[in-house]
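Read the structure below first, then the notes.
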């Protein structure tokens, strides 16, 4: 990996880091000192360790340079592709297979993807940050194109002709002159493809794509409509037990008393107890639940903050140790002194939950000192290392396999359920399956960071923005920069000791930062009495961002919009993770309080489109998921407890919330391909907020905007 | 623990269950029929939807002992001789899923719904399906899939 990519990955990993670990087994503390005594340091993979390590390759992980690590062709011409990335609904099993099929010149049906298996696939940092398309795509394309070259060269040698006389198509090498041809499988006899990946690889340009760039249906789609696909929670092993974890009565709790006699008296029940970790296992889930209820435990929970004082808490608890350097251009203070219009506003976002419909689940099995865990995670190799750390064994004794997973949205970076299942399995001496309940998922996972964003800005009467100061407390630095051309800027992220466990979330802080920035842009536009689109374009030099704004506005009919007190129109956009997005929203105000999003038009540019059908699905999903955080999703908490850990109390978008959605794919074949899992979400909240303002004159600066309906105008 | 007989997808299944055990847990953990999913355990997400005597029911809130002898249909029971049910066909055609975890429940809710409402309007589809959550947000495609399935069924 070159330094640039290394740096990008490091930044991505830091931003996607999840606070802390759920469990420290007693075993840990005892052995930790023992290990230190021997001069061995256990890597806990903290931010500091990360930045120290990142200078030399990635934790000493070099991507394999030989084709055989990525692609194998069997004698019967079946192609197997190996990647550490995982499928969780974003459709990369299909889009990566398309890219290999394209470069290798084989039918897509001949490809099988082995994904997220730490014993069989090359090390991978994880599936997050919209990185699969810009990094793994090119990696596999290069391997496939190099394999194609190798196959041609091998056939040329065998037939004693020049490689230039040969071509590859449909899984065969063809000599058009002699009309002879041979399948790849017959040519290689199933042997490994021994060759280094060519640099630069002879990649097929997107304009010439025949399989990539087309709406190939989701691989294994039939397994999902028949219920045949096995998620982690669906797997079983001979003699497998069902595990259940006793959860503390609050965060940061310590166990003060424990009585497990009644549970242990139930036939077949095994109790695992290690420090503050208490769990049970039984041959069926019903007995395990009964055993859990039979345990008597008392916990001591320290006093902790609540939503009520959240935003002042965040501003008062900035971490001094991890201060990022502010981005400063010119002088905001001087520019503000000369500005005709000055604005200063604060925006806030609450913690929200990922709420993947498949809760965290793991099936763990020990064979001697070797551990195998099936689990739905975005980071199989990190979970492997987490398990190795937790049980003080070397990583090569641990195998993590990731069945295609019931979604994650940034929420499944950690191995919490995997570590728990493995700890119970160790106590039980049998394979153990652990499936978190919805309440556990809402409570013991981690959250999208809450945050406070302060903006100070200044503009001239003609609409030129001259000053832009932006402070983000805790929510995160993703998407913090402004895409607008502003001569004087100060932009700073202030990390905070979060009161709740927080971590990665689809689009990270880009959703919050875009909400604040694009809402504020709308406020500035109104302050200088300009059309919000014209105001943006006046301050925008980036052609690709201009293009998506224009495309979305044209399709939406922005110029012909007719706002009224019950109908509002808003626009917002931005650039993040290599993708450009512009979102237009139309809202209807029903009665006094109800906000309905009626129509959303979104233009998205992520370079050349690899699968338009899958991409549209991702964009639509991002928009719909964005509605939750924009309008009503919020985690309520108090004193170490989550107050709404159920779908009945934590409202997620449902059928009735989904508007009419129109999507414009820019399909820039002249640019490198970028990911699409996150950026399509970031324009929704500000576009909707701006639309609400256009109808009602009410400016909503807190996410979620209308958890209890529209506030009254006088309030 | 007491033995009961469940009639699942036309087959009698004798199974030992606890008195407070949900149909979902019996299907998944005792009969290894894992196509029906756990999503919340409170009847809020619809991932565990099955048909009982042809009507959609939340198997997480249904006691197994109370449906002994009644006709239970799960996602595994829709395909016949390798031929998908029209609702499955429609979901596949529209690619009305991403991670697919809600799909079994969505399909079972649709099958039950179309049996009683063969010509639904878009509003009726949204209202009926509103108890099923797709966290990936594929709702517009699911609405299209339900409409398509209704059309397919009418055409036979």
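Quick one: what Rg and Dmax do you get for segment A:173-218 from the alpha carbons, in Å?
Answer for segment A:173-218, Rg first and Dmax second: 15.0, 38 Å.
Can you classify segment A:540-640 as rounded, prolate or oblate using the Cα gyration tensor, where a ≥ b ≥ c are the square roots of its eigenvalues, rounded means a/c under 1.5, and otherwise it's prolate if a/b beats b/c and oblate if not?
On the way: a/c = 2.02, a/b = 1.22, b/c = 1.66.
Because a/c hits 1.5 or more and a/b fails to exceed b/c, segment A:540-640 counts as oblate.
Give the shape of chain A as rounded, prolate or oblate, defined through the alpha-carbon gyration tensor: a ≥ b ≥ c are the square roots of its eigenvalues, a/c under 1.5 means rounded, and otherwise the shape is prolate if a/b is larger than b/c and oblate if not.
On the way: a/c = 1.77, a/b = 1.09, b/c = 1.63.
Verdict is oblate for chain A.
At what distance in nm do the modelled label points of residue A:395 and residue A:566 sit from each other, each positioned 7 Å from its Cα along Cα→Cβ?
The answer from the label model is 6.1 nm.
Could you run the Debye sum over the Cα atoms of chain B, one equal point scatterer each and no solvent, and tell me log10 of I(q)/I(0) at q = 0.09, 0.14, 0.15 Å⁻¹, two decimals?
Values returned for q = 0.09, 0.14, 0.15 Å⁻¹ are -0.27, -0.65, -0.74.
Over all residues in B:137-147, what is the mean tally of Cβ atoms on other chains that come within 10 Å of each residue's Cβ? Working shown, then result.
Details: counts 18, 6, 11, 10, 6, 2, 2, 0, 1, 1, 0.
Mean partner shielding for this stretch: 5.
Return, for the Cα atoms of segment A:410-547, the radius of gyration and Dmax in Å, separated by a comma.
Over segment A:410-547's Cα set, Rg and Dmax evaluate to 21.6, 74 Å.
Apply the Kirkwood formula to segment A:346-393: the hydrodynamic radius equals the inverse of the mean of 1/r over all pairs of different alpha-carbon atoms; give it in Å with one decimal. Please list the in-between numbers first.
Numbers: mean 1/r = 0.0751 Å⁻¹.
About 13.3 Å for segment A:346-393.
For a test of the definition: using alpha carbon positions, the gyration tensor, and the 1.5 limit on a/c, classify segment A:625-674 as rounded, prolate or oblate.
Details: a/c = 5.02, a/b = 2.16, b/c = 2.33.
Judged from the Cα gyration tensor, segment A:625-674 comes out oblate (a/c at least 1.5, b/c at or above a/b).
Report the calculated FRET efficiency for residue A:662 and residue A:540 (r = Cβ-Cβ distance, R0 = 30 Å), to the nearest 0.05.
Calculated value: 0.85.
How far apart, in nm, are the 7 Å Cα→Cβ label points at residue B:154 and residue A:301?
The two pseudo-label positions are separated by 5.4 nm.
For residue A:594 and residue A:223, calculate 0.36 nm times their separation in residues minus their Cα-Cα distance, and state this gained length in nm to one decimal.
Numbers: separation 371, 0.36 × 371 = 133.56 nm, distance 3.96 nm.
Once the chain is fully extended between residue A:594 and residue A:223, it gains 129.6 nm.
Find, to one decimal place in angstroms, the Kirkwood hydrodynamic radius of segment A:643-715, where the mean of 1/r is taken over every pair of different Cα atoms and then inverted. Show your work: numbers first, answer last.
Working: mean 1/r = 0.0638 Å⁻¹.
The Cα-based Kirkwood calculation yields 15.7 Å.
Would you tell me the mean number of C-beta atoms belonging to other protein chains that fall within 10 Å of each C-beta in A:82-91, as a whole number?
Numbers: counts 0, 0, 0, 0, 0, 3, 5, 9, 3, 3.
If you average over the peptide's residues, the count of other-chain Cβ atoms is 2.
Among B:95, A:386, A:264, which comes first, second and so on when ranked by fewest other beta-carbon atoms within 10 Å? Mind showing how you got there, number by number?
On the way: B:95 22, A:386 25, A:264 14.
Sorted ascending by nearby Cβ count, the order is A:264, B:95, A:386.
To the nearest 0.05, how large is the calculated FRET efficiency for residue B:5 and residue B:124 if R₀ is 30 Å and r is the Cβ-Cβ distance?
Numbers: r = 36 Å, r/R0 = 1.21.
The calculated FRET efficiency here is 0.25.
If one computes the Cα centroid of segment A:472-551 and of segment A:403-466, what distance in Å separates the two points?
23 Å
Going highest first, how would you order A:294-303, A:703-712, A:488-497, A:529-538 by mean Cβ packing within 10 Å?
Working: A:294-303: 14.3, A:703-712: 16.7, A:488-497: 20.5, A:529-538: 18.5.
By packing density, highest mean first, the sequence is A:488-497, A:529-538, A:703-712, A:294-303.
Given a Förster distance of 22 angstrom, what is the FRET efficiency for residue A:80 paired with residue A:169, based on the Cβ-Cβ distance and rounded to 0.05?
On the way: r = 20 Å, r/R0 = 0.92.
About 0.60, to the nearest 0.05.
Taking the mean number of other Cβ atoms within 10 Å as a proxy for protection, how do you rank A:396-403, A:433-440, A:444-451 from highest to lowest?
On the way: A:396-403: 21.6, A:433-440: 23.4, A:444-451: 25.6.
Descending packing order for the listed peptides: A:444-451, A:433-440, A:396-403.
Order A:325-338, A:66-79 from most to least packed using the mean count of other Cβ atoms within 10 Å. Write down the numbers at each step before the final one.
Numbers: A:325-338: 14.4, A:66-79: 19.1.
Descending mean neighbour count gives A:66-79, A:325-338.
What are the semi-axes of the equivalent ellipsoid for segment A:296-426, taken as the square roots of 5 times the Cα gyration tensor eigenvalues, largest first, in whole Å? Before the final figure, lay out the partial values.
On the way: eigenvalues 386, 81, 53 Å².
Values for segment A:296-426, descending: 44, 20, 16 Å.
Pop out the Kirkwood hydrodynamic radius of segment A:234-292 from its pairwise C-alpha distances, inverse of mean 1/r, in Å to one decimal. Could you put the intermediate results ahead of the total?
On the way: mean 1/r = 0.0816 Å⁻¹.
Evaluated on segment A:234-292, it is 12.3 Å.
Which translational diffusion coefficient, to the nearest whole µm²/s, is obtained for segment B:50-105 from the Stokes-Einstein equation, given a Kirkwood hydrodynamic radius over C-alpha pairs, 4 °C and 1.567 mPa s? Could you put the intermediate results ahead of the total?
Values: Rh = 12.8 Å.
So the translational diffusion coefficient is about 102 µm²/s.
If I histogram all Cα-Cα distances within segment B:102-156 using bins 10 Å wide from 0, what percent of pairs lands in each bin?
Reading upward from the zero bin: 25, 61, 13, 0.
From other protein chains only, count the Cβ atoms within 10 Å of every residue's Cβ in B:101-108, then give the mean. Display every interim value, and only then the final one.
Values: counts 15, 5, 9, 6, 2, 1, 4, 1.
Average neighbour count from other chains, rounded to a whole number: 5.
Throughout, read-outs are computed from the coordinates displayed, never taken from laboratory work. Here the structure is a predicted model, which means the values were calculated and not measured. Cβ: placed from backbone, ideal geometry, glycine included. Neighbour counts: every protein chain shown.
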